[in-house]
Amino acid sequence: MVAAVSPSIEPAPRLADLRRFYGLLDELARHTGGPRRLADCSGRMEWPQRGVYFFMELGEVRTDSGSGPRIVRVGTHALKDQSRTTLWTRLSQHKGQRDGNGNHRGSIFRLLVGAALLADDPALCATWGMGNTPARAVREAERELESRVSNIIGRMPFLFLHVGDVAGAQSLRGVVERNTIALLSNAGKAPLDQPSSGWLGHRCPRERVRASGLWNQNHVDEAYDPAFLDTLETIIRATERRT
């Protein structure tokens, strides 16, 4: 297992690491049948119990590390001891409900996208992100914005990687997640694969989203350990053997 990232680790050239990372994702896509679209997914589909997911976004493409879509959100689940959250449970929280409604208080991804939408229309919702247990009337007033968020996230293609380790902060899933985010993030670095001028995240009030070019907040200002790419490659090759 790759050790936790330390800022003292001397990173390999980031552009070369980005190219390798996307090459590995291409390999993952070949092994798993390509990206899925969240709006088309349900719990009836076959999902691994645990894993890491990588979201892309329409109109967001790589400009330095090669061609093709760039990753805009990385995540996992069950990073607390004895957590029983499954991969699909987490993805379904991002997706929302069948009627388009959702709960941004249970998904930071939804909260961030909604906050960016509010930058264009602040009157749309006055309670976004406020409180943990809102009254029914509040939830009803938030429905229109929740539906817009569901539509945006639902159209995003994503890949997922089966990593079936135990729940906990030091899990292999956590290592892959935080190192991938740190690699992709442009926060405090010479920018690579910058977001397009029309990317919705530019309007997000969260500075870490704008600076990183990702729908992430955690790990965007950390260093990454290039050795995690060896670990990622090993996991993807194991995926090939399972399929």
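The values are calculated or read from the model by the stated rules, or taken from the named source; none is laboratory data. All of these numbers come straight from a predicted model, not from anything done at the bench. For neighbour counting, all protein chains shown are included, and Cβ atoms are generated from backbone atoms with ideal geometry for every residue, glycine included.
Structure summary
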{"read-out": "From VAL61, VAL5, VAL74, residue being within 16 Å of ILE181 (Cα to Cα) and at pLDDT 95 or above", "value": "VAL74"}
{"read-out": "Region 36-54, residues that are of a type in the set (Gly, Ala, Ser) and either within 9 Å of THR76 (Cα to Cα) or touching a helix residue (DSSP H, G or I) at 6+ places or on another chain (Cβ under 8 Å) (or both)", "value": "ALA39, GLY43, GLY51"}
{"read-out": "Candidates SER83, SER42, SER67, filtered to the one that is small (Gly, Ala, Ser), part of a loop (DSSP other than H, G, I, E, B) and touching a His at 6+ places or on another chain (Cβ under 8 Å)", "value": "SER83"}
{"read-out": "Selected residue (criterion: nearest to the chain's Cα centre (by Cα)) from residues of region 217-229 that are over 14 Å from ARG173 (Cβ atoms) and in contact (Cβ under 8 Å) with a residue 60 or more places away in the chain", "value": "GLN217"}
{"read-out": "Any hit, region 92-108, residues being touching a residue at least 24 places away in the same chain (Cβ under 8 Å), hydrophobic (A, V, I, L, M, F, W, C) and in contact with a strand residue (DSSP E or B) (Cβ under 7 Å, 6 or more places away or on another chain)", "value": "no"}
{"read-out": "All positions within region 161-220 that are within 24 Å of ALA16 (Cβ to Cβ) and of a type in the set (Ser, Thr, Tyr)", "value": "THR180, SER185, SER196, SER212"}
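Residue-by-condition table, conditions (1) at pLDDT below 95; (2) in a helix (DSSP H, G or I); (3) loosely packed, with under 14 Cβ neighbours inside 10 Å:
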| position | (1), (2), (3) |
| --- | --- |
| ALA137 | yes, yes, yes |
| LEU159 | no, no, no |
| GLU177 | no, yes, no |
| ALA182 | no, yes, no |
| ASN186 | no, no, no |
| PRO205 | no, no, yes |
| ALA211 | no, yes, no |
| HIS219 | no, no, no |
| ASP230 | no, yes, yes |
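The rows are residues; the columns are (1) over 22 Å from SER65 (Cα atoms); (2) among the acidic types (Asp, Glu).
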position: SER196; (1), (2): no, no
position: LEU200; (1), (2): no, no
position: ARG203; (1), (2): yes, no
position: GLU207; (1), (2): yes, yes
position: ASN216; (1), (2): no, no
position: GLU222; (1), (2): no, yes
position: LEU229; (1), (2): no, no
position: ILE236; (1), (2): no, no
